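*Asks:* Sharing a structure, written as structure tokens. Questions coming.
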Amino acid sequence: MNCRQYRTFFIQELTSLYGADEAESFFYLILENKYQLRAIDLALNPNLEFFDEELVVWNGLLEALKKEIPVQYLLGTTSFYGLEFEVNENVLIPRPETEELVDWIIACQKSKAENQNIKILDIGTGSGCIAISLAKNLPNAEVFAIDVSKAALATAKKNADSNAVSIQFIERNILEVEDLLQTFDIIVSNPPYVRELEKKEIKKNVLEYEPHLALFVADDNALVFYRKIAELAQKNLSAKGKLYFEINQYLGEEMVKLLQELGFKNIELRKDIYGNDRMVFGENN
């Protein structure tokens, strides 16, 4: 079977579950990952053949996608802010909304002196996507990253190595930390923020395959991580140090109120590309 014929079959098999556009995107993600070929390459070489052993691999991936296993986990890699990251069942798959958070931080820093030396802490680093992207784009930054999961940190360390950046990784449960013992210019976090009551909104590929430790919080204490991190930021941010959060889209007003109560200044709530409240910023006194 040639590649174009299999593409048609592949998309047809997945359209009822994902829609034709997403099914097609999966096909080209796999094609690029396995063969380093893009859509234009297939158009220029329409008679490219898949051999029997290659079809076995493709059909295995197709069956896994029918079970709604995330394609990023099947391929073991994903792109984030122009970089490649290893992903697996121990870490969340980085989202475009988080790229917006990273871009916000980088844009704010690059509007200042290029040679400014700063210290950044990423809390709940997971795959390391935030910390590594910041380190890559802010070469004068000293970057630290904390996570409670040893397995997640192992993945983050691999990603730091593959992207040629130096990160100081720390294994800690942030809820048990009383003092960070040093001062940072920026603290950023994308902590667990999905309430149990919101599980019904979560797609099966996330709910069944991505780590719940990094996703969910109790309904009656949804801001537990935000309050703890903001309290630590009060003590461990430099004067006019900056605190950035990715947040639950339904709790934007609550987050602004929390930062106001803790004395942060110049608070800003931002929406993501989908129009949802997704990021908040506050400045230390």
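The values are calculated or read from the model by the stated rules, or taken from the named source; none is laboratory data. All values reported here derive from a predicted model rather than from experimental measurement. A quick note on method: Cβ atoms are made from the backbone with ideal geometry, for glycine too, and the neighbour counts reach across all protein chains shown. For the accessible areas, the whole protein counts, side chains as well, though only heavy atoms, and no ligand, DNA or RNA atoms are used. Shrake-Rupley method; radii C 1.70, N 1.55, O 1.52, S 1.80 Å.
*Asks:* Give the carbon-plus-sulfur fraction of the accessible surface of the chain in %, rounded to a whole number; probe 1.4 Å, heavy atoms of protein chains only.
*Replies:* C and S atoms contribute 49 percent here.
*Asks:* Next question. If the chain between Lys257 and Ala218 were fully stretched, how many nm would it gain, using 0.36 nm times the residue separation less the Cα-Cα distance?
*Replies:* 12.1 nm
*Asks:* Net charge within 10 Å of Leu101 by Cβ-Cβ distance, Lys/Arg positive one each and Asp/Glu negative one each, not counting Leu101 itself?
*Replies:* That works out to -3.
*Asks:* Ranked from highest to lowest mean number of other Cβ atoms within 10 Å per residue, what is the order of the peptides 213-219, 260-266, 231-237?
*Replies:* 231-237, 213-219, 260-266
*Asks:* Which aspartates and glutamates does Lys199 reach when only Cα atoms under 18 Å apart count, and residues fewer than 8 places away in its own chain are ignored?
*Replies:* Glu68, Glu208, Glu210, Asp219, Asp220
*Asks:* Rounded to the nearest Å, what's the spacing between the alpha carbon centres of segment 72-91 and segment 213-285? Just the number, please.
*Replies:* 26
*Asks:* If the only charges are +1 at each Lys and Arg Cβ and -1 at each Asp and Glu Cβ, what is the size of the charge dipole of the chain around the Cα centre, to the nearest 20 debye?
*Replies:* It works out to roughly 600 debye.
*Asks:* A further question on this structure: Show which aspartates and glutamates lie in cross-link reach of Lys110 when reach means a straight Cα distance below 19 angstrom and same-chain residues fewer than eight apart are skipped.
*Replies:* Correct list for Lys110: Glu99, Glu100, Asp122, Glu142, Asp185, Glu268, Glu283.
*Asks:* Relative to the present Cα-Cα distance, how much length would full extension add between Thr8 and Gln182 at 0.36 nm per residue of separation?
*Replies:* 57.0 nm
*Asks:* Hey, another quick one. What is the angle, in °, between the Cα long axis of helix 224-236 and the longest principal axis of the Cα atoms in the chain? Nearest 10 is fine, range 0 to 90.
*Replies:* 50
*Asks:* Starting at the first residue of segment 24-36, write each ³J(HN,Hα) from the Karplus equation 6.51 cos²θ - 1.76 cosθ + 1.60 with θ = phi - 60°, in whole Hz, x for Gly and Pro.
*Replies:* 5, 5, 4, 4, 6, 4, 5, 4, 6, 5, 8, 10, 6
*Asks:* Suppose each label sits 7 Å from its Cα in the direction of the beta carbon; what would the Ala164-Glu196 distance come out to in nanometres?
*Replies:* 4.8
*Asks:* Mind checking which lysines have their Cα closer than 29 Å to the Cα of Lys204? Skip sequence neighbours fewer than 8 apart in that chain.
*Replies:* List returned: Lys34, Lys66, Lys67, Lys150, Lys157, Lys158, Lys271.
*Asks:* For segment 67-200, what's the relative contact order in percent, using C-alpha pairs closer than 8 Å and at least 6 residues apart?
*Replies:* That works out to 24 percent.
*Asks:* Taking the simple approach of a point 7 Å from Cα along Cα-to-Cβ for both Cys108 and Glu63, what is their distance in nm?
*Replies:* For Cys108 paired with Glu63, the spin-label model returns 4.9 nm.
*Asks:* If I stretch the segment between Lys240 and Leu269 completely, what's the gain in nm (0.36 nm per residue apart, minus their alpha carbon distance), one decimal?
*Replies:* Length difference between fully extended and current span is 8.7 nm.
*Asks:* Taking Cα extents along the principal axes in Å as the quantity of interest, determine which of (1) 113, 50, 26; (2) 48, 45, 36; (3) 65, 44, 33 was computed from the displayed structure.
*Replies:* Calculated Cα extents along the principal axes in Å: the matching label is (3).
*Asks:* Sticking with this one: Taking a spot 7 Å from the Cα of Tyr209 along the direction of its beta carbon, which residues of segment 57-71 have an amide N less than 15 Å from it?
*Replies:* 58-71
*Asks:* Okay, next question. Largest first, how would Glu176, Glu210 line up by accessible area (1.4 Å probe)?
*Replies:* Glu176, Glu210
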